[in-house]
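Every number here is computed from the coordinates shown, using simple stated rules; none is lab data. Everything numeric in this text was worked out from a predicted model, so none of it was measured. Virtual Cβ from ideal backbone geometry, glycine too; neighbours counted across all protein chains shown.
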Amino acid sequence: MSTFDERQKGFETKFKHDQETAFKITARRNKLIGLWTAKQLGLEGAAAENYAKSVVAADMEKPGDADVVAKILKDLAAKGIQLTEHRIRSEMDALAAEARKQITGK
């Protein structure tokens, strides 16, 4: 195997690892925002965990965060809790940093 082939394989391996890490961070962030939202909804214990899982699953519907934000806004509104999209996205940003620490240790 040539040096070029080895470098290419190394880049491909790193890219794959980076993609897997990004996926894990996003999934963890979605779980954390789900738990945060569950608290806003007054859910605890298993109910909160189940709600968080439903938020993680909601992210599989479309690319991006819009599906997660829409689910959270809808669920909060159904309970008469009014939060802005900006507030939810701000919380998601903060929790993304926490998720990164939890997954990568950095």
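Could you tell me which of the residues Lys53, Lys74 is of a type in the set (Lys, Arg) and either under 11 Å from the mean Cα position of the chain (by Cα) or surrounded by 15 or more Cβ atoms within 10 Å (Cβ to Cβ) (or both)? Steps first, answer last, please.
Details: Lys74 fails: either under 11 Å from the mean Cα position of the chain (by Cα) or surrounded by 15 or more Cβ atoms within 10 Å (Cβ to Cβ) (or both).
Sole residue among the options that is of a type in the set (Lys, Arg) and either under 11 Å from the mean Cα position of the chain (by Cα) or surrounded by 15 or more Cβ atoms within 10 Å (Cβ to Cβ) (or both): Lys53.
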Please specify each residue of the range 57-68 satisfying the condition of being surrounded by fewer than 18 Cβ atoms within 10 Å (Cβ to Cβ) and among the aliphatic types (A, V, I, L, M). Ala57, Met60, Ala66
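Does the range 33-46 include one or more residues that are polar (S, T, N, Q), free of Cβ contacts under 8 Å to residues at least 60 places away in the same chain and in contact with a Gly (Cβ under 8 Å, 6 or more places away or on another chain)? Step through it out loud before you land on a result.
Our first condition is that a residue be polar (S, T, N, Q); within the range 33-46, this holds for 37, 40.
Restricting the remaining residues to those that are free of Cβ contacts under 8 Å to residues at least 60 places away in the same chain gives 37, 40.
Filter once more, so that each one left must be in contact with a Gly (Cβ under 8 Å, 6 or more places away or on another chain): none.
Among the residues of the range 33-46, not one is polar (S, T, N, Q), free of Cβ contacts under 8 Å to residues at least 60 places away in the same chain and in contact with a Gly (Cβ under 8 Å, 6 or more places away or on another chain), which makes the answer no.
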Selection over the range 92-106 where residues are closer than 11 Å to Thr26 by Cα and among the small types (Gly, Ala, Ser) yields a count of 3
Suppose we filter the range 1-38 for residues that are more than 30 Å from Ala70 (Cα to Cα) and surrounded by 11 or more Cβ atoms within 10 Å (Cβ to Cβ); how many remain? 2
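With respect to Ala96, determine if the residue is of a type in the set (Gly, Ala, Ser), touching a residue at least 40 places away in the same chain (Cβ under 8 Å) and surrounded by 12 or more Cβ atoms within 10 Å (Cβ to Cβ).
On the way: of a type in the set (Gly, Ala, Ser): yes; touching a residue at least 40 places away in the same chain (Cβ under 8 Å): yes; surrounded by 12 or more Cβ atoms within 10 Å (Cβ to Cβ): yes.
When the stated conditions are applied, Ala96 passes them.
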